[in-house]
1. Using the C-alpha gyration tensor of region 63-171, what are the square roots of 5 times its eigenvalues, in whole angstrom, with the largest one first?
2. Explain nothing, just compute: Karplus ³J(HN,Hα) = 6.51 cos²θ - 1.76 cosθ + 1.60, θ = phi - 60°, for every residue of region 153-165 in order, whole Hz, x for Gly and Pro.
3. Tell me, what ³J(HN,Hα) does each residue in region 70-79 have, in order and in whole Hz, if you take phi through Karplus 6.51 cos²θ - 1.76 cosθ + 1.60 with θ = phi - 60° and put x for Gly and Pro?
4. What's the ranking of 83-91, 104-112 by average number of surrounding C-beta atoms within 10 Å, highest first?
Amino acid sequence: MFHLSQTKKIALMAIALFFLSVASITFFLKNGGEEFSYSKANILQVGKAAEESKEVGKDNEKKDPNKEDRYREIIGNSKDPIIVINVEGMITFVSNDFCKLLSMKCSNVLNNLLFEFINSEDLPAFVSAHAKLIAEGQKNEALGPFRMSKNKKEILVLLSAQPIVEDKKVTAIVMAAKDLSEQVDAIKANENDDAKLETNNVDKTLDILDKISFAY
């Protein structure tokens with residue numbers, strides 16, 4: 001599994017707490033202070049809630065074997081790999097095709113922070129998008145693209161996200177991931193072909209010039 005160093009984890013939690021704080025302030029201003037205690041509790045108890053969610057996730061997995069169908073319906077019957085996170089970013093559900101996308105066992109993905117799989121340079125944008133989803137509770141069909149770890153390599157994914165709202169609170173976020181790696185590779189291949197073509201054209205032009213010079 002892909003692991004962050006302890007220093008990076010601390011920095012990550014600091015960034016996450018910052019953006020969750022911004023989300024809470026936004027929520028407070030939009031709702032005149034209602035439910036602010038709930039948001040504040042989430043910020044102060046991120047670590048505790050994350051640990052508790054691990055056990056809840058395991059229990060729910062056993063109780064609801066048809067969970068994937070329900071989540072796919074929530075995200076618009078997407079055929080793409082899907083993942084579900086709670087408000088702290090903990091992965092509470094992951095589809096088999098998502099695990100294949102990362103070339104990892106699902107047991108090594110489930111009950112971990114999704115932030116850990118995001119390239120560190122993309123984290124600020126991702127955490128900001130995550131906080132906005134929690135604050136607004138609105139669907140976003142184009143998050144990213146973000147680089148995610150795939151063993152020792154990376155893939156580029158575009159995410160669509162649908163918050164699950166219960167009692168006017170976002171309790172989870174369903175995400176579908178579209179792998180853009182093949183498109184990126186194709187673009188790079190075309191760029192290389194264009195570069196080779198341009199080089200060939202330059203060589204041919206030089207040959208012609210040499211012949212012209214020789215003729216004179």
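Since every read-out is calculated from the coordinates, none of them should be taken as a lab result. Only a predicted model underlies this, so the values are computations on that prediction, with no experimental measurement involved. Counting neighbours? That spans all protein chains shown, and the Cβs are built from the backbone with ideal geometry, glycine included.
1. Taking √(5λ) for each eigenvalue gives 20, 18, 13 Å, largest first.
2. These are the phi-based 3J(HN,Hα) values: 10, 9, 10, 10, 10, 10, 9, 10, 9, 10, x, 9, 10 Hz.
3. Once rounded to whole Hz, the list reads 5, 5, 5, 5, 4, 8, x, 6, 5, 8.
4. 83-91, 104-112
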